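Undergrad: Sharing a structure here in structure tokens format.
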Amino acid sequence: MSELANTTGTWVIDPSHTNIGFSARHAMVAKVRGTFTNFTGTFVLDGEDPSKSSAELTIMTESITTRSDDRDAHLKSADFLDVESFPTLTFTSTSVTANGETFDVTGDMTVRGTSKSIPVTFELMGVSTDPWGGIRIGFEGSTEISRKDFGLTWNTALETGGVLVGDTVKIELDVEAVKS
């Protein structure tokens, strides 16, 4: 029996063992990395027919952190996420395909009221039983998006050329979920 057969079921993301991270170019010379700390998500997997699988993720925008209070306040402002008007980011899958233990998940990501279809590639890290009898699954995934596609256009020019904030945002997901 393949490991994919062990994936069938409904899974709830375990936030204490999951990281939703991102990085973006800063000042044309370095990357700023951050995470979201408050989110919920579930996915339904069909190990026999992955195309019948689905996923949903909701991220509370207020939970963004980059280890800089001033930068976090700016990211929460109307210049970027506008957390008062848009308290959540969402992702809802529209298709899932599997190639071995790699899953290509395409879905609608909504940021600041703008939805765009984005692909996310996930690698199955494994399925195991924890010491308390819970069945756990792990995935690592990543994608890149354009900030401008979601109306996140704030920027400032640098004297040396270029801009302060790069357009490309890399999203990295380390997901652990429990079978419900």
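Undergrad: Quick one: Val32 ticks every box in (1) among the aliphatic types (A, V, I, L, M); (2) surrounded by fewer than 15 Cβ atoms within 10 Å (Cβ to Cβ); (3) over 20 Å from Gly138 (Cβ atoms) except a single one, so which number is it?
TA: Condition not satisfied by Val32: (2).
Undergrad: Is it the case that Thr106 is out of contact with any Asp or Glu (no Cβ under 6 Å at 6 or more places or on another chain) and without any contact (Cβ under 8 Å) to a residue 60 or more places away in the chain? Step through it out loud before you land on a result.
TA: Numbers: out of contact with any Asp or Glu (no Cβ under 6 Å at 6 or more places or on another chain): yes; without any contact (Cβ under 8 Å) to a residue 60 or more places away in the chain: yes.
Criteria met by Thr106.
Undergrad: Here's another thing I want to ask about it. Provide a single number: the residues in region 125-169 that are under 22 Å from the mean Cα position of the chain (by Cα) and within 14 Å of His26 (Cβ to Cβ).
TA: Within region 125-169, residues that are under 22 Å from the mean Cα position of the chain (by Cα) and within 14 Å of His26 (Cβ to Cβ) number 7.
Undergrad: Let me ask you something else. Being in contact with a Gly (Cβ under 6 Å, 6 or more places away or on another chain) and of a type in the set (Gly, Ala, Ser) is the filter; apply it to region 117-141 and report the residue that is nearest to Val169 (Cα to Cα).
TA: Checked region 117-141; the qualifying residue nearest to Val169 (Cα to Cα) is Gly138.
Undergrad: Does Met109 satisfy the criteria of being surrounded by fewer than 16 Cβ atoms within 10 Å (Cβ to Cβ), within 25 Å of Asn155 (Cα to Cα) and touching a Ser or Thr at 6+ places or on another chain (Cβ under 9 Å)?
TA: no
Undergrad: Limited to region 82-103, what total is found for residues that are modelled with pLDDT under 95, surrounded by 15 or more Cβ atoms within 10 Å (Cβ to Cβ) and not small (Gly, Ala, Ser)?
TA: Residues meeting the conditions: 2.
Undergrad: Go through region 133-165 and report how many residues are farther than 24 Å from Phe103 by Cα, surrounded by fewer than 18 Cβ atoms within 10 Å (Cβ to Cβ) and touching a Ser or Thr at 6+ places or on another chain (Cβ under 6 Å).
TA: 2
Undergrad: Right, something else. Might you let me know whether region 46-62 holds any residue that is hydrophobic (A, V, I, L, M, F, W, C) and touching a helix residue (DSSP H, G or I) at 6+ places or on another chain (Cβ under 8 Å)?
TA: no
Undergrad: Sticking with this one: Scanning for something out of contact with any Lys or Arg (no Cβ under 6 Å at 6 or more places or on another chain), under 20 Å from Arg33 (Cα atoms) and among the acidic types (Asp, Glu), does region 103-122 turn up at least one residue?
TA: no
The values are calculated or read from the model by the stated rules, or taken from the named source; none is laboratory data. What you are looking at is a predicted structure, and each value in this text was computed from that prediction instead of being measured. Note: ideal-geometry Cβ built from the backbone for every residue, glycine included; neighbour counts use all protein chains shown.
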